[in-house]
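Here the structure comes first, spelled out in structure tokens, and everything after it is commentary.
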Amino acid sequence: MKINKIKIQKILIFFMLNLISLKFILIADDYIFANLNLNNMWEFIFNNQGTETWCIKNGRYLGNTIGILLSMTYKLNYLNLIKGIFMGSGIFILILLCSKLSDLDTDKSFIISTVLILLAPISIYREVYSWTSAYVNYLVPSVLFLIILLILDNCINKKAKINYQDIIFIGLLGISCQLFMENITIYIFSFSLILIIISFFKYKNILKLTMALWINSLIGMVIMFSCKGYRQINTDGYRNINIGNITNIINSIIGNGLTMIDFIIMDNFILISLILIVCLFIIKYNTNKNKFFIISIFVSIIYMLFINFVFEIMGIDINQFPRILRIIKYFLNCIFSINIISTLIYTIFKFIEEKTLKKKLYFYCISIVTVSMPLIIIYPIATRCFFICYVFLTIICMKLISYAIKYEIININGLRIIPIILVTIILTNKYYIFNNIKQQFDEIISYTEEQIADEHIDNVLLPEFKYQKYFHSDIAIFIGFLYYHNTPNDIKFKTIDRYKWEEIANNK
């Protein structure tokens, strides 16, 4: 009976995720990609030395190819369903993989994994889940890497038999993972190199597997960084590496370090709070003498809730505050982040008794740091660059929950209905929001086409979106590329207040 319930849950969630993703609109460079075709897309991807404003100048060859192909379906009638199904299915597969890697019982792991992945902050919905180009370059490699971890976990801990199909498959995954996002490419190469050394001395049974992974990850990394666009990284008008002198490096490390704290810890306050709560139960179960950690956990959660309320829910811009207050806020973020990290590490080191679980938790903690480090001197960085860190945090959280349930530190049997209710609320809420955005988008597209059909029009006013926080970029900046790609943009587009736009549109 349990199996049937789980299958029904999976079918319903898969259906809802695809229903929501079918409502995702074109965002940012998706508008440019939608105009390409099979004849010119290859030049667009591989012409890394081009001087065009929107020429791709990076080695994310596989990610860019998939992103362009998906964006191109926008103009292909019913084939545009492919993009939505691809994106919805990818989120579903991510949930399944987190569930598989969690060590939780099957009847609990899937629904909890769903809750955690869908409780991601709005910035992840805006910059990863709903933006086609970012989705393929950040979510897809995360999924591929989790598949690698699952294969290795089965071979090392469950001692599954290794055959040539596994070696070929992990080799393909190794080279594929390297052609999406630069910091993930560096991380996976480092991971495979360390793994091959460990397997040589300890896990000789998987040496062929790790050798295939390392060789192919090296090939993939060479392919990516042989891209000539990286030689122009400080002259392409978008990206910069601040290594000119010691002062630049220090300023970059401090600035990016503070930004990373926000992206990885402060913005993910729900997930971090849940991790802290589980740590609290584990600490309290083992000893009552750690009042400092118990109090610090409560204070950290309250602080994060306050920060989230002020700067997210209230929508207050930190830049509106005087410089001294901004410095105090960043300082407090650092203090509380150090407290959060130390609480997690202390819990793992002191109270997690299972050696295998302890090693896995350390691995994910170290991975968060390792995958983030290449970005410490890159400008600009954004939430999407750290999406894989959110995935690692999700797995850490689920493993801690699994441990707490196994040793009866917490009992969630009476709370099983709560994750189901949460998933229902979240999916309903996201469907409502993205359906609303899609309706507004269709309205704007119809209005724009009607306006540009008039030969005397040289200026088109577009309305602001409701739920603007849920998608990246202002539509007026990019919609011109949908109709004037590679041609003189003789019509200008400008965003105005929605109510003013409705007045103007109705008068016309």
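The values are calculated or read from the model by the stated rules, or taken from the named source; none is laboratory data. For clarity, every value in this text was computed on a predicted model and none was experimentally measured. All Cβ positions, glycine included, derive from the backbone under ideal geometry; neighbour counts span all protein chains shown. Each accessible area value is taken on the protein alone, full model and side chains, heavy atoms only, with ligands, DNA and RNA left out. Shrake-Rupley method; radii C 1.70, N 1.55, O 1.52, S 1.80 Å.
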Per-residue accessible area, 1.4 Å probe, largest first, puts Glu408, Glu502, Glu353 in the order Glu408, Glu353, Glu502
For Arg416, placing the label point 7 angstrom along Cα-to-beta-carbon and taking the stretch 89-119, residues whose amide nitrogen sits under 17 Å are 104-115
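Any idea what the dipole of the stretch 49-201 comes to, in debye rounded to 20, about its Cα centre with Lys/Arg Cβ at +1 and Asp/Glu Cβ at -1?
Dipole size: approximately 180 debye.
What do you reckon, how do His472, His456 stack up by accessible area (1.4 Å probe), largest on top? Please report the intermediate quantities before stating the final value.
Working: His472 55, His456 165 Å².
Output order, biggest surface exposure first: His456, His472.
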Under a 1.4 Å probe, counting only protein heavy atoms, Met373 has an accessible area in Å², nearest 10, of 90
The size of the Cβ-based charge dipole (Lys, Arg +1; Asp, Glu -1) of the stretch 396-478 about the Cα centre, to the nearest 20 debye, is 1180
Ignoring ligands and nucleic acids, Ile264 exposes an accessible area, probe 1.4 Å, in Å² to the nearest 10, of 20
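Going down the table (Lys161/Lys202; Lys204/Lys360; Lys83/Lys228; Lys469/Lys492; Lys438/Lys494; Lys83/Lys108), which pairs top 27 Å between alpha carbons?
From Lys161/Lys202; Lys204/Lys360; Lys83/Lys228; Lys469/Lys492; Lys438/Lys494; Lys83/Lys108, over 27 Å: Lys83/Lys228; Lys83/Lys108.
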For Asp454, the accessible surface traced by a 1.4 Å probe with all protein chains present amounts, in square angstrom to the nearest 10, to 70
Under 5 Å from the placed amide H of Phe493, counting only residues 5+ away or on other chains, we find Val460
In terms of the charge dipole of the chain, which places +1 on Lys and Arg and -1 on Asp and Glu at the beta carbon, the residue among Gly59, Met266, Met41 farthest towards the positive end is Met266
Of the DSSP H helices in the chain, the ones reaching 15 Å or more along their long axis in Cα terms and averaging at least 1.6 in Kyte-Doolittle hydropathy are 81-100, 140-156, 182-201, 207-225, 269-286, 291-308, 387-406
Note to self: with every protein chain in place and a 1.4 Å probe, the stretch 84-164 gives an accessible area per residue in Å² of 30
The ³J(HN,Hα) series, computed from each phi in the stretch 29-35 with the Karplus coefficients 6.51, -1.76 and 1.60 at θ = phi - 60°, rounded to the nearest Hz and given as x for glycine or proline, is 5, 4, 4, 6, 5, 4, 8
In debye to the nearest 20, the charge dipole size for the chain, taken about the Cα centre with +1 at each Lys and Arg Cβ and -1 at each Asp and Glu Cβ, equals 2460
The distance between the Cα centres of the stretch 166-182 and the stretch 438-459, in whole Å, is 43
Dipole check, the chain, charges on Cβ (K,R +1; D,E -1), about Cα centroid: among Phe180, Val299, Leu218 the Cα furthest to the positive pole belongs to Val299
Largest-first ranking of Ile147, Ile32 by accessible area, probe 1.4 Å, whole protein assembly kept, is Ile147, Ile32
